[in-house]
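**Q** Got a structure for you, questions after.
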Amino acid sequence: MALQTRRPGEGGSRGPGGPGGAQQGGKKKFFYRRKRVCKFCVEKIEYIDFKDVKTLQQFIPERGKILPRRISGTCALHQRKLQNAIKRARIAALLPFATD
Amino acid sequence: MRTYEVLFILSPQIPEEESTTLIHDFKRVAEGTGAKLTNEEAWGRRRLAYPIQKFTEGNYHLFVFDTDASLSELDRRMRNSDRILRHMIVRTDLDHKRAEKLAKRNPKKERVRPAPAFPTTAPEPAAAPESIPEPPVSE
């Protein structure tokens, strides 16, 4: 019987010279995601106009839904105002309620 | 004094002269109740985001009024007019006032750009790949 030096658990997963050692139990952090910032806070837009379709459209994905805060990174205050503006724009037929 | 924005969509079927007289009439109605027109915008024909009364286009028009009285008469007339596909009256002075207050609290300042990073030195050529030792095979 031939003894194999490679044990099944030790595949080629850890490359040589990698920073492996420190992250031994690193199953919790999968990958680092950049912290997103609120677009309206950065650009100091305090009044979100429902007529400003170009700005609102950045928060409307393909389907026509309002982009959630956890994706866009908008702060609570501005998300609330954005939400109102988008809803008003929908009534004025500037933005769709739904698209498919 | 309150500020209202009145946005309405005229039917695309009506001829131009009629739409101008309609717009003029609505303006008169509002001004009759004591409103002062501060801004007016004619957006012209725009595609609607969804069909309204089977129309896919509409003639958008915007009024901005300053008033102490209510615009209910204008609202009623617009609702009853069959030439108007949709209208919306939005009060904006409170939101603008709040926005101004916020802007005062954290004023817009020029963003200081970080100095451009000096060109990074070219990375050293990678070390020669280690020769992989052949696994010792024992009987």
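Coordinate-derived values only; no laboratory data. Predicted model, so just to flag it, every value in this text is computed and none were measured. Cβ atoms come from the backbone with ideal geometry, glycine included; neighbour counts cover every protein chain shown.
**Q** Using DSSP to define loop residues, name the trypsin sites (Lys or Arg not before Pro) in the stretch B:1-109 whose beta-carbon has at most 13 other beta-carbon atoms within 10 Å.
**A** Numbers: sites: B:2, B:27, B:28, B:36, B:45, B:46, B:47, B:54, B:76, B:77, B:79, B:83, B:86, B:91, B:97, B:98, B:101, B:104, B:105, B:108, B:109; in loops: B:54, B:83, B:108, B:109.
Listed in order of number, the matching sites are B:54, B:108, B:109.
**Q** Among A:97, A:40, A:50, what is the fewest-to-most ranking by other Cβ atoms within 10 Å? Could the numbers behind the result be given before it?
**A** Values: A:97 12, A:40 19, A:50 24.
Placing the least packed residue first, the sequence is A:97, A:40, A:50.
**Q** Full extension from residue B:80 to residue B:43: what is 0.36 nm times the residue separation minus their Cα-Cα distance, to one decimal in nm?
**A** Details: separation 37, 0.36 × 37 = 13.32 nm, distance 2.25 nm.
Here the answer is 11.1 nm.
**Q** Also, quick follow-up: Which of A:51/B:27; A:44/B:36; B:27/B:101; A:81/B:104; A:39/B:54 have a Cα-Cα distance over 26 Å? Working shown, then result.
**A** Working: A:51/B:27 20 Å; A:44/B:36 30 Å; B:27/B:101 31 Å; A:81/B:104 18 Å; A:39/B:54 37 Å.
Pairs exceeding 26 Å: A:44/B:36; B:27/B:101; A:39/B:54.
**Q** For residue B:86, what residues show an amide H to amide H distance below 5 Å, using hydrogens built from the backbone and excluding near sequence neighbours?
**A** For residue B:86, whose amide H was placed from the backbone, the distant partners under 5 Å are B:9.
**Q** Take peptide B:2-8, look around each residue's Cβ out to 10 angstrom, count Cβ atoms belonging to other protein chains, and average those counts. Can you show the working numbers first?
**A** Values: counts 0, 0, 0, 4, 0, 7, 1.
The shielding value for this peptide is 2.
**Q** Between residue A:63 and residue B:97, what is the spin-label point distance in nm, taking each point 7 Å from the Cα along the Cα→C-beta axis?
**A** Here the answer is 4.0 nm between the modelled labels.
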